[in-house]
Structure formats: C-alpha cells, structure tokens
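The next block holds one structure in the form of structure tokens; read it before the comments.
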Amino acid sequence: MERCSKSRSFFQDSRSRELDGYRKRRFITQTGSDFTEAGSVTVGHNGEETPPLAVSFCKTSKYSHILAVSDEDGYVSLFDTRTKFPSEKARISDWVAHQNAIFDVRWIKEDTTILTASGDQTIKVWDAQEKKCAGILMGHTGSVKSVSPHPTNSDLLISASRDGSFAIWDLRCKATSKTRCSVAHVTSTAMVQGAHLSSRAKRVRRGKAASTSITSVLYLKDEVSIATAGAADSAVKFWDTRNLKVQVTQASPNIKSSTEKDRRLHGISSLSQDLNGVFLTASCMDNRIYLYNVLQLDKGPMRSFSGCRIESFYVKSVISPDAAHILSGSSDGKAYIWQVNKPDVDPITLNTHDGEVTAVDWCPSEVGKIATSSDDYTVRIWNINSSYCSSTPKSQPAIRRRVMAIPREECRGHLMNDERSGPTKVPDKLLPSDEEFNQNNPPIPITMPIISTPEAHKKKFSPDSDSKETFEKTPEAAMKSPSSVLNPPSSLKRTIRDYFLAA
C-alpha cells in the first residue's frame, strides 16, 4: 500500500468539509430498516471455521474499504468490502500471525502496518502488504487483550494484558535481540503493574483470585494521557504518561446495587473514543454502555445506553467518529445502534447473526458502513439504505457547523492561516447533521465555536481589526478553558492531569 502523499490538519479538513456548499450530507434515522446487509463472509482456514475476535477498518480514506479481521486460530485476514460478499475475491490475503488467538488488531503508519495483540503474550508489528513481521513486543506475562496506537506518532503505542499491567512501547527503540529470521524483539519503555486491583484482590470463593485483567486501553487525543479499564470493576482510570506512579483521576457510574455480588460483575469489556477525543464510551457488564466527556469526568457518565446484553468480555462497542452514534455487539446475537443525542430512544437492531455478536467497527470514510463479527464464524458488512438518507445540498453561506473542544481564538487563528494557503479538497468524513444536533434534547455540554465562510472571516478578521489584541490574550484565555486539554495552543501545552490538578 502506498503512503498518503500529505497529512492534513484538523482545521483544513473541517474547513474543506463544512464550507463546500455542494457536498451532499447523509444521516441515520431511527428505523431498523435504515441498514441493509451488504454481505457476509465466513472466517475459516483450510476448510475449518473459526470465530473472529477483532475487526478494524483502515483509517485513511484511500484504503477505508479494507477490513482486517483477526481470529481465534491466530490468523489475520484482509477483506475488500467493496466486493460483493460472499466471494473469494473479497479476501485480499490472510496469514498466520500468531500461534494463539489474536484479541485485538489495529492499523498504523497510514495503513501500511498492522498491530496484533495475542494470547501468546506478545504484540507483533506486520507489514500489511508483504505479510512480514517487522517486530515482536515482549514483556507481558499474560494474554494481551488490547492495543492502542498514539494519535499522531505511529511509533508509540500502549497495550493492556490479562496480567493486570499496561505497557508503553516505542518502535524506534533498539531491539534487545533478534529471531533467526532477523525479527527484532523490543521491550517496553514503561510498564505499570496492578493498574486495576479491586478492593477484593484477596482470595474469593473457591480459592479463586479476583480478576486483575485490563480489558481495554486507549491513547487519548491530548497525546500524553491514557485511559484503562478492567474486569474487576466499572472504573475507567486515566494516567499521564510523563508520570505513571499514580493515576490522574478515574470515572465510574453510580452503581445503585447495594450487594457486593452485583458490583463484582460490573467489569468493562471495551473503551472507545470519537475522532476528536472528547467523548469516551465504556461497555459495562451491567448491560449498559456509558458515555463520558473527558473534560468533565468528575460529573460521571453523561448518558447511558441500554438494550444490549453484555455477558462476556468479547462483546465490544464503539462510538462513531463523529460521536453521533454508538454501535455495540450483544450476547443475544444482535447488534445495536443508538443515537447519542437520544439515549432513551430504542436502538436500531441488526439481527441476522446466529451467535454472540462480539467485535464491531465503523468505516471512517464511508457514511453508514459498519462491520459486525460473531461466534457464528461470520463477519457481516452493513450499509445505510440510501432511501433513508437526507442529501439536500445547501448554499455556501447557509452552512454552519461545530468543531468540538477547540478554543475559540485559536480556531480563528488557524482558520486565517488555512485561508491564506487556499482551500484543498479532502475526502468525506462522518459528521453529524444539523437535524441530529438541533433536536429538543439537552445539548452536549461543550463549548463549540462556529465556522462560517471564508468571505465572512476575511471581513471579520482583517489585519486592521481589533482582533490582533484578542489573539495576544489567547494563551491566558485558553488556560481558563478545559477545552485546552485536548487541543492546546502551541504556546501552551496542557493535559487532562493539569486540568484536574488545577480544579
């Protein structure tokens, strides 16, 4: 796969998407018939079927139609979701990546490289085109359950293990040893043991130890913070990679049950975050998915979503890149889709699987395309039904959109810089529509500056205006805003840790 020619800033992408008055927008309505199954493929090798455990679409628009699937037998399979399923032409390639189950798979380095996390206690780095292992990350003493790359530096990643630890890795570090095939062995740059010890870490009934497994980990968008979740309880913990001696803070739902037996069952199976890193979801074993605002963690979950059954740690959920919808598997053989702004509305139900629906994923560049996997040995691709889409073009001056968690004055400065460089055409991204954000439901409590047309900005922010004085005060103003945690100005770098210490 070729590398993309040039990376783009968040502001350039937003400006090109939102100021293009002739681009058609689509949104998902509430009825289950909105989604149609595009096809399914049975996961298997050498005539034997095997359950898929993780799915992941490529992240760049050029390759977003390619889906990576890992399974219980240690294979990685790549599928072209543009090809009609089922068809052998849809399978691009597959190979044995581990001699054990692969619990997580991630794309990095502009979709040229794949990370695999396995039950053999290692993470491997793969050249996706050559199917060649470029490195083995060793150090965990239990199955590696989750892996998450750094949001901007593809050489950095974090992993979480059943041994109760999470580790930070740098692919640029010198290898400690090499295999016979000259594959580099890399050790972690930092590791935290016992990150999710419960109050019942002592012996429990029948002589079994309470679980200390870390089930999911996320590298947050502020580039220095980490979120972890475990099997022991429903707490999501947040860490600063610059000081891992103690967690920064943690967030958890208010558990109404008074019995310790019930509380014991409420571990977390997966975490996910939206494209801007403002919202985080946690799939809890109490059959609920909790939505957090990472800038308001002290308030607990903003909303919760129910309807699915999460009876095993293989059932995952993921928030859409635009934070408008949440997709989840379920132990009842169905997949569920909720609208974030309407948590009390019944979710869309996708029910063609014959076993527990486990890993799921959103396609980042194709609106309404999702993938679901199941214990029935199949992966199914779904598309939004075009007859249920809104695609009304709007004139350029009428388009106004929101950008999450961006300090107002810094946003203006970046937009002025982008105007000087000229508009650039970029691929479509998943963004919420006006109808979704302007419902009568309470709005999501985040300050969101408004982007208007280039002509309006030129008039409003001319060099002779008084805005120059305002820009000089940007660092001071940004320091007072919690939104600076995720998108700080260049002269001011703050993290989630700084925000909570200041509070």
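The values are calculated or read from the model by the stated rules, or taken from the named source; none is laboratory data. Just so you know, these numbers come straight off a predicted model, no measurement behind them. Virtual Cβ from ideal backbone geometry, glycine too; neighbours counted across all protein chains shown. Quick note on the areas: whole protein, heavy atoms, side chains included, nothing else; ligands and nucleic acids left out. Shrake-Rupley method; radii C 1.70, N 1.55, O 1.52, S 1.80 Å.
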Of Lys84/Lys221; Lys174/Lys237; Lys59/Lys84; Lys59/Lys334, pairs whose Cα-Cα distance is over 24 Å
Lys84/Lys221; Lys174/Lys237; Lys59/Lys334
Placing each pseudo-label 7 Å from Cα in the direction of the beta carbon, Ser154 and Ser306 end up separated by a distance in nanometres of 4.3 nm
Starting at the first residue of region 309-326, write each ³J(HN,Hα) from the Karplus equation 6.51 cos²θ - 1.76 cosθ + 1.60 with θ = phi - 60°, in whole Hz, x for Gly and Pro.
10, 10, 10, 8, 7, 7, 7, 10, 9, 8, 7, 5, x, 8, 6, 8, 9, 10
Using alpha carbons only, how many angstrom separate the centre of region 139-192 from the centre of region 329-388?
31 Å
Residues whose placed amide H lies under 5 Å from that of Gly39, excluding near-sequence neighbours:
Ile381
For labels at Arg242 and Ala134 in the simple 7 Å Cα→Cβ model, what's the distance in nm?
2.9 nm
Kindly report the accessible area of region 247-377 per residue (heavy atoms of protein chains, probe 1.4 Å, no ligands, DNA or RNA), in Å².
35 Å²
Karplus couplings for region 367-377 from phi (6.51 cos²θ - 1.76 cosθ + 1.60, θ = phi - 60°), rounded to Hz, Gly and Pro as x?
4, x, 8, 9, 10, 10, 10, 8, 6, 7, 6
Take the alpha carbon gyration tensor of region 217-345, find the square roots of its eigenvalues, order them as a ≥ b ≥ c, and report rounded if a/c is under 1.5; if not, report prolate when a/b exceeds b/c, else oblate.
oblate
